[in-house]
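Novice: Dropping the structure in here first, questions after.
The values are calculated or read from the model by the stated rules, or taken from the named source; none is laboratory data. Values in this document were obtained by computation on a predicted structure and should not be read as measured data. All Cβ positions, glycine included, derive from the backbone under ideal geometry; neighbour counts span all protein chains shown. Each accessible area value is taken on the protein alone, full model and side chains, heavy atoms only, with ligands, DNA and RNA left out. Shrake-Rupley method; radii C 1.70, N 1.55, O 1.52, S 1.80 Å.
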Amino acid sequence: MSEVDLRVSKIKDGTVIDHITGGYALDVVKILGITGKEKRVITIAINVPSKQLGSKDIVKIEGRALSSDEVNRIALVAPYASINIIKQYIVVEKLEVKLPQTITEITKCVNPICITNSNEPVVSNFSVESGEPLILKCHYCGYVLEKNDMLAQL
Ligand code: CTP
Ligand code: ZN
């Protein structure tokens with residue numbers, strides 16, 4: 001039994017997001033739109049020791065699955081995260097997160113004169129140029145956003 005298992009208990013059914021880069025669990029929770037008002041049991045462990053990563057965060061969401069879009073959004077803040085689907089206490093599936101090629105909606109362009117910040121009904125759209133460090137490029141004006149620009153908007 002690992003040190004982490006001694007700190008946080010196993011769940012019966014739901015999703016465990018493991019190997020989140022230490023310190024990013026709250027960003028993962030925000031990117032999933034979880035506010036804590038959903039009446040679900042959510043367990044968050046931050047900066048627990050990990051052999052692979054030095055320190056890592058874990059988020060356990062009981063009674064909820066994630067869509068593939070949600071899984072891939074997690075890669076924007078936690079590129080090494082693994083998703084474990086739990087049924088009847090057993091890990092029935094393990095998924096690696098995969099960086100999406102484009103993202104919409106999660107973040108807005110920082111360039112004040114970008115068309116997405118005008119009164120035009122244009123939805124933001126970025127190409128993901130790199131995952132580490134995170135570089136997002138606005139499809140409309142070419143402005144480059146970094147991880148902190150995105151985190152500040154979550
Ligand atoms: N887990 C859980 N509840 C369960 C089963 C597993 O919360 N009923 C959690 C474990 O605590 C762990 C993650 O889900 O954080 C993955 O479980 P498992 O595959 O058993 O652990 P490892 O073998 O350590 O995973 P990996 O190889 O991905 O590091
Ligand atoms: Zn722009």
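Novice: Give me the residue from the stretch 103-122 that is open to solvent by 80 Å² or more (accessible area, probe 1.4 Å) and either part of a strand (DSSP E or B) or closer than 24 Å to I34 by Cα (or both) and, out of that set, nearest to ligand 1 (Cβ to nearest atom).
Specialist: Filtering the stretch 103-122 for residues that are open to solvent by 80 Å² or more (accessible area, probe 1.4 Å) and either part of a strand (DSSP E or B) or closer than 24 Å to I34 by Cα (or both), the one nearest to ligand 1 (Cβ to nearest atom) comes out as E105.
Novice: Turning to a different aspect of this structure: Mind telling me which of the residues L95, L99 ends up being more than 21 Å from D13 (Cβ to Cβ) and of a type outside the set (D, E)?
Specialist: Unique residue meeting the criteria: L99.
Novice: Taking into account only those residues within the stretch 33-46 that are open to solvent by 70 Å² or more (accessible area, probe 1.4 Å) and more than 14 Å from D5 (Cα to Cα), which is nearest to the chain's Cα centre (by Cα)?
Specialist: This residue is T35.
Novice: Which of the residues that make up the stretch 128-143 are surrounded by 14 or more Cβ atoms within 10 Å (Cβ to Cβ) and in a strand (DSSP E or B)?
Specialist: Hits for the stretch 128-143 are V128, G131, L134, I135, L136, K137, C138.
Novice: Another question, then. Output the residues belonging to the stretch 139-154 that are near ligand 2 (Cβ under 8 Å from one of its atoms), out of contact with any helix residue (DSSP H, G or I) (no Cβ under 6 Å at 6 or more places or on another chain) and touching a residue at least 24 places away in the same chain (Cβ under 8 Å).
Specialist: Of everything in the stretch 139-154, those that are near ligand 2 (Cβ under 8 Å from one of its atoms), out of contact with any helix residue (DSSP H, G or I) (no Cβ under 6 Å at 6 or more places or on another chain) and touching a residue at least 24 places away in the same chain (Cβ under 8 Å) turn out to be H139, C141, Y143.
Novice: Shifting gears a bit: Tell me yes or no: at least one residue of the stretch 3-10 is open to solvent by less than 60 Å² (accessible area, probe 1.4 Å), at negative phi and in contact (Cβ under 8 Å) with a residue 24 or more places away in the chain. Before the answer, list the steps.
Specialist: Applying the first criterion (open to solvent by less than 60 Å² (accessible area, probe 1.4 Å)) to the stretch 3-10 yields 4-5, 8.
Now restrict to residues that are at negative phi: 4-5, 8.
Okay, now just the ones that are also in contact (Cβ under 8 Å) with a residue 24 or more places away in the chain, so 4, 8.
The answer is yes; a qualifying residue exists.
Novice: Can you name every residue in the stretch 86-117 that is acidic (D, E) and either closer than 22 Å to L151 by Cα or at pLDDT below 95 (or both)?
Specialist: The answer is E96, E105.
Novice: While we're on this one: With respect to the numbered conditions (1) in contact (Cβ under 8 Å) with a residue 40 or more places away in the chain; (2) within 15 Å of the chain's Cα centre (by Cα), which one is the sole condition not fulfilled by P100?
Specialist: So P100 meets the others, but not (1).
Novice: Does any residue of the stretch 77-93 turn out to be more than 13 Å from ligand 1 (Cβ to nearest atom), out of contact with any Asp or Glu (no Cβ under 6 Å at 6 or more places or on another chain) and within 18 Å of A25 (Cβ to Cβ)?
Specialist: Yes: one or more hits.
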